[in-house]
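J.: Take a look at this one; I'll ask things after.
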Amino acid sequence: MSIATTIECVDVTWNPITGCDEISLGCLNCYAKKMSKRLFMMNQPKYANNFKLTLHEYELNKPYSWKKHRVILVNSMSDIFHEKVPLDFLLSIFHTMNNTSHTYLLLTKRIERIIELDSLLPWSRNIWIGVTIEHNKFIQRAEILKQSRAYHKFITFEPLLSDIDVFETNGIDWIIAGGESGHNSRLMEESWIRNIRDICILNNVPFFFKQWSGNGKKKVGRILDGKYWNEIPKFN
Ligand code: SF4
């Protein structure tokens, strides 16, 4: 998933699953797909299947080896709730998260699967579950997210492809937003990002602005109305 690996608070990524299938408008220029292809061309064994969904059982215990507390982005190279990920494998990932004290950030576009499995998933307090909403037509994903028993929830509006209607932020602990990057990036209007920022201010929700749309993060920048918006909630 294209969550902000560049957000300063993320210490490391953990990818017990790689590969995915496109499901939504935001998938068009998928970073994980491009990166998987590159690693496949470089003959990296982990990416021997290129972008085909692949489970890496040997990765399941990796967080136990990190002694100091870390903020871990889980499955940046896939979608953890992809329909082909078996429940047993998901439960093994949760087992590791439940038994280590790190903070885990999970992100999905397949929010319906969370609700389907929610009663079976052991949500410990160190797990944050997020949903991507890249276009207003998917705003309903926020309401579905709120139905989960997870303790901490966040939304990432990226790559932001439309204006977003006013939405209820109750139960949402963090909001990230940003434009698309890369050669084929789609345009994000300033007013779209400003509207989301203003909803966050009004409702006292931490807001992180990742970047404007365009090629080259440094070039396009990430200043909105004269300042950086780097708000990060307090993790465990
Ligand atoms: S769901 Fe995420 S990882 Fe999967 S294709 Fe779409 S953007 Fe890529």
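Here, each number is a calculation from the coordinates, and none is a lab measurement. Predicted model, so just to flag it, every value in this text is computed and none were measured. When we count neighbours, we look across all protein chains shown, and the Cβ atoms used for this are built from the backbone with ideal geometry, even at glycine.
J.: As a check on your grasp of the helix formula, calculate [θ] at 222 nm for the chain: sum -39500 (n - 2.57) over DSSP H runs of n ≥ 4, divide by the residue count, round to the nearest 500.
T.: Result for the chain: -6500 deg cm²/dmol, rounded to the nearest 500.
J.: I'd like the Karplus ³J(HN,Hα) series for region 196-209: coefficients 6.51, -1.76, 1.60, θ = phi - 60°, whole numbers in Hz, and an x wherever there's a Gly or Pro.
T.: Running phi through 6.51 cos²θ - 1.76 cosθ + 1.60 with θ = phi - 60° gives 5, 4, 5, 5, 5, 4, 4, 10, 6, 9, x, 10, 10, 9 Hz.
J.: Same structure again: Count the DSSP beta bridges whose two residues both fall in the chain, then state the antiparallel fraction as a percent rounded to the nearest 5.
T.: Here the antiparallel bridges make up roughly 15 percent for the chain.
J.: Looking at the chain, I'd like the Rg to Rh ratio, where Rg is from alpha-carbon atoms and Rh is Kirkwood's inverse mean 1/r.
T.: Here the Rg-to-Rh quotient is 0.94.
J.: Let me ask something else. Any chance you could tell me what percent of the C-alpha pair distances in region 177-221 go past 14 Å?
T.: Summing the P(r) tail past 14 Å for region 177-221 gives 49 percent.
J.: If you don't mind, there's one more thing I want to ask. Label-point separation (nm) for V12 and S191, each offset 7 Å from Cα along Cα-to-Cβ?
T.: Result for the modelled spin labels: 4.6 nm.
J.: Find out how many positive minus negative residues lie around L121, taking Lys and Arg as positive, Asp and Glu as negative, among other residues whose Cβ is under 13 Å from that of L121.
T.: Around L121, the surrounding residues sum to -1.
J.: Also, I was wondering about something else. Apply 1/(1 + (r/R0)^6) to the Cβ-Cβ distance of L53 and I232, taking R0 = 41 Å, and write down the FRET efficiency to the nearest 0.05.
T.: Using R0 = 41 Å, I get an efficiency of 0.85.
J.: When the Karplus curve 6.51 cos²θ - 1.76 cosθ + 1.60 is applied with θ = phi - 60°, which whole-Hz ³J(HN,Hα) does each residue of region 175-182 get, with x for Gly and Pro?
T.: 10, 10, 8, x, x, 7, 10, x
J.: Project the alpha carbons of region 1-134 onto their principal axes and report the range along each, largest first, in whole Å.
T.: Each principal axis gives a Cα extent; for region 1-134 these are 36, 32, 30 Å.
J.: Fully extended, how many nm does the chain gain between K67 and E112 (0.36 nm per residue separation, minus their Cα-Cα distance)?
T.: This chain segment gains 12.8 nm when fully extended.
J.: Enumerate by residue number the trypsin sites (Lys or Arg not before Pro) in region 117-190 meeting two conditions: DSSP loop (anything except H, G, I, E, B), and at most 13 other Cβ atoms within 10 Å of the site's Cβ.
T.: Qualifying residues, ordered by number: R125, R149.
J.: Using 12 Å as the cut-off for backbone N distance, which residues of region 49-91 belong to the label zone defined by a point 7 Å from the Cα of F40 along Cα→Cβ?
T.: Counting backbone N atoms under 12 Å from the label point, the list is 49-54.
J.: Turning to a different aspect of this structure: Past the 24 Å Cα-Cα mark, which pairs from K109/K218; K34/K219; K52/K218?
T.: Flagged as over cut-off: K109/K218; K52/K218.
J.: Subtracting the Cα-Cα distance from 0.36 nm times the residue separation, let me have the gained length for R149 to K217 in nm, one decimal.
T.: 20.9 nm
J.: Exactly which trypsin sites (Lys or Arg not before Pro) in region 22-64 are in a DSSP loop and have at most 14 other Cβ atoms within 10 Å?
T.: The qualifying sites are K52.
J.: Same structure again: For region 152-219, what is the charge dipole size about the Cα centre, in debye to the nearest 20, if Lys and Arg each add +1 at the Cβ and Asp and Glu each add -1 at the Cβ?
T.: Using Cβ point charges on Lys, Arg, Asp and Glu, region 152-219 gives about 420 debye.
J.: Please compute, for the alpha-carbon atoms of region 55-107, the extent along each of the three principal axes and give them in descending order in Å.
T.: 33, 18, 16
J.: For the chain, modelled as a GNM with alpha-carbon contacts under 10 angstrom, which of L117, L105, L145 fluctuates the most?
T.: L117
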